[in-house]
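Below: the structure, in structure tokens.
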Amino acid sequence: MPAPNLLNRYTRPMEGWWRRNPFYLWYMLREASCVFIIAYALVLLCGLYRLSQGEAAFNGWLAALATPRSIAFHGITAMMVLYHAWTWFKVMPKTLPFIHIGGKRMPDAAIVTSGLAAAVVLSALLFVLVWSGRS
Amino acid sequence: MIRRSNKPVFWSLFGAGGMVSALIGPMLVFVTGIAVPLGFLLPHDALRYERMLALAHNPAGKLALAVVISLFLFHGCHRFYHCLHDFGIHVTAGMKAACHGFAAAGTALAVYLLLVIGF
């Protein structure tokens, strides 16, 4: 008779479960965005480190950003973060507490639209802020 | 004494990071990783040394840099930790500590660098 602890070691195999259904594939794509967000934060952290080392070091970081490999990485990252943003606002009616305006619950569509609108406005502001500093 | 769960702390950091990255993340990646390096829509010198140093010297700029780096890390690491389960990995306390510790270490490094850069 096998030892009892061997009996409850069985785990149902779950190899490739997320590839069998397109819904789970999109779910996994959203979850994968976290790897790109972590990597991007590390790129910025590296830039901050190079900034603390002086002008030559920081210019080296800027030069590294202009390599084809870096551009490709940031292209994929931008799309992954964009997909994360889209899903983030899409579930906002479920993740936010109910919002009441004039005694009525704010409709789901209005919550999603406000989130997307806020993102567009803040992104435009960020762009203008960077653009205004050109020499 | 009742032991309180630390889950709300990490879920709040996940939520805050998710919100910041959803609001400005795509534009930030586009600006620093594509537009400025290529000189596309924005000039090459938009992220030049003196300007970034001025940003890092400014208290509001320091706060913005620390918030972006720290919250992106906490958001990403928390999601990564929960993703392990989807791949059939039985998470342990050590894995949780490693994920959140990574984000905490990145935050500490960012704060240290911002202090070293000075005011």
query: Which residues make up the longest stretch of chain A that has no trypsin sites (Lys or Arg not before Pro) in a DSSP loop with at most 14 other Cβ atoms within 10 Å?
result: A:21-133
- prompt: Rounded to the nearest 0.05, what FRET efficiency is calculated for A:Trp17 and A:Leu129 with R0 set to 35 Å and r the Cβ-Cβ distance?
  reply: 0.20
- request: Along Cα→Cβ, 7 Å out, is where each label goes; now give me the distance between the ones at A:Ala66 and B:Phe40 in nm to one decimal.
  value: 1.6
query: What number, rounded to the nearest 500 deg cm²/dmol, is the helix-based mean residue ellipticity at 222 nm of chain B, given -39500 (n - 2.57) per DSSP H run of at least four residues and division by all its residues?
result: -25000 deg cm²/dmol
Per-residue mean of C-beta atoms belonging to partner chains within 10 Å, peptide B:108-118: 3
query: Tell me, what % of the accessible area of chain A is carbon and sulfur with a 1.4 angstrom probe?
result: 70
statement: In nm, the gap between the two label points placed 7 Å beyond Cα toward Cβ at A:Ala118 and A:Arg9 is 5.0
- request: Skip the ligands, DNA and RNA, and give the accessible area per residue of chain A with a 1.4 Å probe, whole Å².
  value: 65
- request: Provide the buried accessible surface between chains B and A in square angstrom, both chains summed, 1.4 Å probe, rounded to the nearest 100.
  value: 4700
Residues of the range A:68-92 with amide N under 16 Å of the 7 Å Cα→Cβ point at A:Cys46: A:68-78
query: For the range B:8-117, what % of the accessible area comes from carbon and sulfur atoms, probe 1.4 Å?
result: 79
- line: Hits for chain A under the membrane-span-like helix rule (DSSP H, Cα axial span at least 24 Å, Kyte-Doolittle mean at least -1.0) are A:22-53, A:68-90, A:108-131
query: Dipole magnitude of the protein assembly as shown about its Cα centre, charges +1 at Lys/Arg Cβ and -1 at Asp/Glu Cβ only, in debye to the nearest 20?
result: 720
- prompt: Arranged from highest to lowest average of other beta-carbon atoms within 10 Å per residue, in what order do the peptides B:58-64, B:108-114, A:56-62 appear?
  reply: B:108-114, A:56-62, B:58-64
message: Per residue, how large is the accessible surface of the range B:1-95? Use a 1.4 angstrom probe and give square angstrom.
response: 51
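The values are calculated or read from the model by the stated rules, or taken from the named source; none is laboratory data. Computed from a predicted structure; not experimentally measured. Neighbour counts run over all protein chains shown; Cβ positions are idealised from the backbone, glycine included. Just so you know, the surface numbers come from the protein's heavy atoms only, side chains and all, with ligands and any DNA or RNA stripped out. Shrake-Rupley method; radii C 1.70, N 1.55, O 1.52, S 1.80 Å.
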